[in-house]
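Student: Dropping a structure here in structure tokens format, bear with me for questions.
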Amino acid sequence: MEQPKRNKKVLKFNSITDCGNRVGCWPRIKINSTCIGDIPKSTPIDSITPTINRYFYIPTTDIDLTNGVTIPSNLFLNDNGNITTHFSIFNPSGYVNLYINGIMQEGGLYTVNTNSLIIIPTASKISDSNSIIIESVGFSYE
């Protein structure tokens with residue numbers, strides 16, 4: 001009686017070396033001991049102080065984003081409920097987040113400068129009464 005043929009699986013290792021026991025292993029790395037010089041001394045920082053500014057806007061009509069939109073800073077209220085004249089941007093020691101209806105948005109969707117929020121074109125809209133919040137965070141140290 002003839003034995004059934006078994007399918008053999010062939011393992012190919014493109015970027016690693018076959019160690020002979022069906023287990024792949026990475027080729028050995030040669031160590032090149034070069035002197036990198038003296039390690040620079042760091043200056044201790046006594047304290048890092050964050051500064052946080054938030055700006056709020058609730059549109060009264062839908063905002064169509066098909067062609068993108070620029071929303072001027074003077075439509076936003078600050079944390080004290082006052083109309084803002086400009087956004088505080090902390091560069092390079094800071095970042096800006098955008099929240100629409102309480103949800104943080106992807107960084108590539110928008111840019112913020114001192115005068116406006118610019119949202120790139122997208123096949124969407126911001127419905128009226130959905131909050132738009134800009135959070136600007138900066139860091140200073142002593």
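Student: Does at least one position in the stretch 27-50 carry a residue that is at pLDDT 65 or above, closer than 30 Å to residue 120 by Cβ and touching a Ser or Thr at 6+ places or on another chain (Cβ under 6 Å)?
Tutor: No.
Student: Got a number for residues in the stretch 114-131 being under 18 Å from the mean Cα position of the chain (by Cα) and either modelled with pLDDT under 95 or within 23 Å of residue 79 (Cβ to Cβ) (or both)?
Tutor: First pass over the stretch 114-131, keeping only residues under 18 Å from the mean Cα position of the chain (by Cα): 117-120.
Cutting the leftovers down to either modelled with pLDDT under 95 or within 23 Å of residue 79 (Cβ to Cβ) (or both) gives us 117-119.
Number of matching residues: 3.
Student: Look at residue 111 and say whether it is more than 24 Å from residue 139 (Cβ to Cβ) and out of contact with any helix residue (DSSP H, G or I) (no Cβ under 6 Å at 6 or more places or on another chain).
Tutor: Values: more than 24 Å from residue 139 (Cβ to Cβ): no; out of contact with any helix residue (DSSP H, G or I) (no Cβ under 6 Å at 6 or more places or on another chain): yes.
No, not satisfied.
Student: Here's something else I'd like to know. Just checking, how many residues over the stretch 91-141 are more than 18 Å from residue 67 (Cβ to Cβ), in a loop (DSSP other than H, G, I, E, B) and of a type in the set (Val, Ile, Thr)?
Tutor: Counting residues in the stretch 91-141 that are more than 18 Å from residue 67 (Cβ to Cβ), in a loop (DSSP other than H, G, I, E, B) and of a type in the set (Val, Ile, Thr) gives 1.
Student: Residue 111 versus (1) in contact (Cβ under 8 Å) with a residue 60 or more places away in the chain; (2) within 16 Å of the chain's Cα centre (by Cα): which is the lone unmet condition?
Tutor: (1)
Student: Hey, can you tell me all the residues within the stretch 41-70 that are under 15 Å from residue 100 (Cα atoms), assigned to a strand (DSSP E or B) and of a type in the set (A, V, I, L, M)?
Tutor: 63, 69
Student: Could I ask something else about it? State all residues of the stretch 38-89 that are surrounded by fewer than 12 Cβ atoms within 10 Å (Cβ to Cβ) and basic (Lys, Arg); if no residue qualifies, say none.
Tutor: 41
Student: Turning to a different aspect of this structure: Sort out which residues of the stretch 61-108 are of a type in the set (S, T, N, Q), more than 15 Å from residue 133 (Cα to Cα) and in contact (Cβ under 8 Å) with a residue 24 or more places away in the chain, and write them in order of number. Steps first, answer last, please.
Tutor: Step one: list which residues in the stretch 61-108 are of a type in the set (S, T, N, Q), which gives 61, 66-67, 70, 73-74, 78, 80, 82, 84-85, 88, 91, 93, 97, 101, 105.
Restricting the remaining residues to those that are more than 15 Å from residue 133 (Cα to Cα) gives 61, 66-67, 85, 91, 93.
Within the stretch 61-108, 61, 66, 67, 93 qualify.
Student: On the given criteria, is residue 119 touching a strand residue (DSSP E or B) at 6+ places or on another chain (Cβ under 8 Å) and surrounded by 14 or more Cβ atoms within 10 Å (Cβ to Cβ)?
Tutor: Answer is yes for this residue.
The values are calculated or read from the model by the stated rules, or taken from the named source; none is laboratory data. Small disclaimer: the values here were computed from a predicted structure and weren't measured. FYI the Cβ positions are ideal-geometry reconstructions off the backbone, even for glycines, and counts take in every protein chain you see.
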